[in-house]
Amino acid sequence: MQDVIIIGAGVIGTLIARNLSAYQTDVLVLEKNLDVGDGASGANSAIVHSGYDPIPGTKKAEYNVRGNAMFDQLSRELGVPFRRIGSLTLAFDEEGEQKLSELLNRAKQNGVPAEILFGYDAIKEKEPHVPKEVKAALYCPTAGIVDPFLLTARAMENALDNGAKLHLGEAVTAIKPIDGGYEVQTPKATYQTRYVINAAGAYADEIAKMMGLDKWKIIPKKGQYFVLDHFGPFVKTVLFPLPSQKGKGMLVTPTTAGNYLVGPSSSIEESKDDVSTDSLTLAQVKEGGAKLVDQLPLKEAIRVYAGLRSSIEGGDFVIEESKPGFLNLIGIDSPGLASSPYIGKLVAEMAESRLHLTKKKNWNPFVSRIKLANLSLEERAKLIKENPDYGEIICTCEKISLGEIRQELRTSLPCLTIKAMKKRTRCGFGKCQGGFCQARILEEIARANGKKLEEINYGFPDSFQLKEASK
Ligand SMILES: Cc1cc2nc3c(=O)[nH]c(=O)nc-3n(C[C@H](O)[C@H](O)[C@H](O)COP(=O)(O)OP(=O)(O)OC[C@H]3O[C@@H](n4cnc5c(N)ncnc54)[C@H](O)[C@@H]3O)c2cc1C
């Protein structure tokens, strides 16, 4: 019998797995997609919120602030890009200034360092690109940005390196109680386990229903974005409008890769999978972004995308052992990414006390990689001499070498799809969006995994790149 099964390999499931891999226990992660982080964890604003916004006393407020504080160490251990760039929430009139004082009060109650800056000149010092009409701004220095794709992937890889297991492309279809635990079924196998952790994001309510728990209903809320190219230094901080009932509103932020994001919108959807975008909403996103930044260069847009928030009635995170040995994480919408390091630790500790686990002596918290861009010219020359793969640039937009691509194909975390390689290395993220490098990447993935070219998916199951050609 397995000790723990985690359902879902988003940032929550993978960080729980990493924390649990520090104990003497068998951990198996079941993920229905072909890669980790293809749900909300791969389609968000990538902001490590400071925590000024959640209602004081809620789990969101507490876990956001605790999670935020853990990012420096976690990102160092996993080699994940993270920068504490601070955020500014802008007000343009007296009513807005009043709302900022309420937010400052909330920030204080949540234990978040914050101050209000008054007047264009004071705000411009932190962020030169704000519009002249700005009257005041709430400045929160602890807000940051992170690479959410790498955070999820490296957390999983680290868990695998420490003994956890991952089965990709295996959706949980049924769960039933048995003596001493649960039986978990997928189309490929039936597993017996002492402990089940439901981290299935938008589908967490349906997993709970498999155990007769029908008190939650996830309301998918779509957020649409523009991605702007990395055209040089521009916005330095995370820029928010005043929050509304719909959420934190449409923001403008740099990414850790030097791009800029504008969005997200917020609309309630029927589907838990539909991440399409539409021109009407994107026009509203443009308008929203233009209010925060003087001359927002939307001509630099290279892509649009959408993610689905897993919201529930009541709004706070639900993290509870609803039945002995059956733990549910429901409604982990924003600030789920910012809270994820703390949630990972908390849930592992809940499993520890139920299963009486003991810590491993030889747990290794580190993941390391060669990243060409981080090396000096001398270091690059030496590396290329040792391994010429690092001298062949495959993705010319993002300057990713063959060596970096092959490096990802040798780790404990499977890299089975083009999107997985894109998320690991950034190849295909640039201006050409993979137009020049995708065919080569397809070949590399197929060769490393012992597959035919036509068996490789872009991302989701049945998104074969060469399906038509293979018929
Ligand atoms: C538009 C948007 C913007 C956001 N911005 C931010 C932000 O800036 N900062 C922040 O802190 N938070 C943000 N969030 C929230 C954050 O992204 C989420 O809280 C976080 O990613 C949730 O992670 P998760 O692992 O719970 O869910 P997911 O990443 O969705 O992972 C759940 C996983 O479960 C798998 N799964 C589902 N059903 C099954 C099954 N039956 N069997 C096996 N596997 C299954 C899915 O395939 C998926 O991989 C945003 C969210 C969205 C959508």
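Every number here is computed from the coordinates shown, using simple stated rules; none is lab data. Nothing here was measured: the structure is a model prediction, and the numbers come from that model. Virtual Cβ from ideal backbone geometry, glycine too; neighbours counted across all protein chains shown.
With an 8 Å cut-off on Cα pairs and a minimum separation of 6 or more residues, tell me the relative contact order of the range 215-327 in percent.
38
Give me the percent relative contact order of the range 372-470, please, defined on Cα pairs under 8 angstrom at least 6 residues apart. Could you put the intermediate results ahead of the total?
Details: 125 pairs, mean separation 20.2, N = 99.
Relative CO of the range 372-470 lands at 20 percent.
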*Please state the Cα pair-distance histogram of the range 1-87 with 10 angstrom bins from zero: what percent is in each bin?*
14, 38, 37, 10, 1
_Under a Cβ-only charge scheme (Lys and Arg +1, Asp and Glu -1), can you give me the dipole magnitude of the range 256-321 about the Cα centre, in debye to the nearest 20?_
560
_Given charges at Cβ of Lys, Arg, Asp, Glu: the chain dipole, positive-most of Gly86, Leu416, Ser334_ = Leu416
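If you take the alpha carbon radius of gyration of the chain and divide it by 2.2 N^0.38 Å, what ratio comes out, to two decimals? All intermediate terms of the calculation are to be shown ahead of the outcome.
Details: Rg = 22.2 Å, N = 471, 2.2 N^0.38 = 22.8 Å.
In units of the globular-protein estimate, the chain measures up at 0.98.
Can you give the net charge of the other residues whose Cβ lies under 13 Å from the Cβ of Arg380, counting K and R as +1 and D and E as -1? Before the final figure, lay out the partial values.
Details: positive: Lys371, Lys382, Lys385, Lys399; negative: Glu378, Glu379, Glu386, Asp389, Glu392, Glu404.
For residues surrounding Arg380, the net value is -2.
So between Lys165 and Ala189, what do we pick up on full extension, going 0.36 nm a residue minus the alpha carbon distance? List each step's numbers first, then the result.
Numbers: separation 24, 0.36 × 24 = 8.64 nm, distance 1.46 nm.
Once the chain is fully extended between Lys165 and Ala189, it gains 7.2 nm.
Let me have the relative contact order for the chain, percent, based on Cα pairs under 8 Å that are six or more residues apart.
It comes to 20 percent, rounded to a whole number.
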*Identify, among Thr425, Ile393, Ile405, the residue whose Cα sits farthest towards the positive end of the charge dipole of the range 372-470, taking +1 on the Cβ of Lys and Arg and -1 on the Cβ of Asp and Glu, with the dipole about the Cα centre.*
Thr425
*Please report, for the Cα atoms of the range 61-170, the Rg to one decimal and the Dmax as a whole number; what are they, in angstrom?*
18.6, 57
*By average Cβ neighbour count within 10 Å, what is the ranking of 249-256, 144-151 from highest down?*
144-151, 249-256
*Mean-position separation - Cα centroids, the range 323-339 and the range 425-446, in angstrom*: 34
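Ordered by packing density, taken as the mean number of other Cβ atoms within 10 Å over each peptide's residues, highest first, how do 339-346, 303-310, 52-59, 328-335 rank?
Working: 339-346: 24.2, 303-310: 20.6, 52-59: 18.5, 328-335: 25.8.
Listed from highest to lowest mean packing, they are 328-335, 339-346, 303-310, 52-59.
Step through the table entries Lys286/Lys467; Lys99/Lys222; Lys209/Lys360, compare each Cα-Cα distance with 29 Å, and write down the pairs that go over it. Before the final figure, lay out each step's value.
Working: Lys286/Lys467 36 Å; Lys99/Lys222 26 Å; Lys209/Lys360 34 Å.
Table pairs above 29 Å Cα-Cα are Lys286/Lys467; Lys209/Lys360.
Run lengths n ≥ 4 of DSSP H only: what is the helix-derived mean residue ellipticity at 222 nm for the chain, with -39500 (n - 2.57) per run over all residues, to the nearest 500?
It lands at -9500 deg cm²/dmol.
For the range 410-471, with only Lys/Arg (+1) and Asp/Glu (-1) charged at the beta-carbon, what is the dipole magnitude about the Cα centre, in debye rounded to 20? Spell out each step's value before the answer.
Details: 13 positive and 6 negative charges, 59 e Å.
My answer is approximately 280 debye.
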*Once Rh for the range 366-424 is found with the Kirkwood sum over Cα pairs, what is the Stokes-Einstein diffusion coefficient at 10 °C and 1.306 mPa s, in µm²/s?*
131
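Give me the orientation-averaged projected area of the Cα convex hull of the range 372-470, in nm², one decimal.
Values: hull surface 26.6 nm².
The number I arrive at for the range 372-470 is 6.7 nm².
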